[in-house]
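To keep things clear, I will list the structure first and then write my remarks on it.
The values are calculated or read from the model by the stated rules, or taken from the named source; none is laboratory data. All values reported here derive from a predicted model rather than from experimental measurement. A quick note on method: Cβ atoms are made from the backbone with ideal geometry, for glycine too, and the neighbour counts reach across all protein chains shown.
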Amino acid sequence: MIHIGKLIKQKLEEAGKNESWLAEQLECFPTDIHKIVDRASIDTDTLLRISSILKHNFFLEYSQELLRHKTKS
């Protein structure tokens, strides 16, 4: 199962960025980012914006998860 918040936090760290930086990019409050990284799911519009900012296709993570489930069936 994918915990998208953890993946976003991981990609932030890999990029050498922090949650405050992402909040500035998304034009929101750092507390909003804290909520995002704690959550297992996220709305697609926000995920698209974060994917663009971090230059990482988070949707691909879901596609790969779907393929893993499909091959197990």
Can you tell me which residue is modelled with the lowest pLDDT among those in region 1-25 that are over 12 Å from the mean Cα position of the chain (by Cα) and assigned to a loop (DSSP other than H, G, I, E, B)?
Met1
Could you count how many residues in region 47-73 are more than 12 Å from Ile2 (Cα to Cα), out of contact with any helix residue (DSSP H, G or I) (no Cβ under 7 Å at 6 or more places or on another chain) and hydroxyl-bearing (Ser, Thr, Tyr)?
3
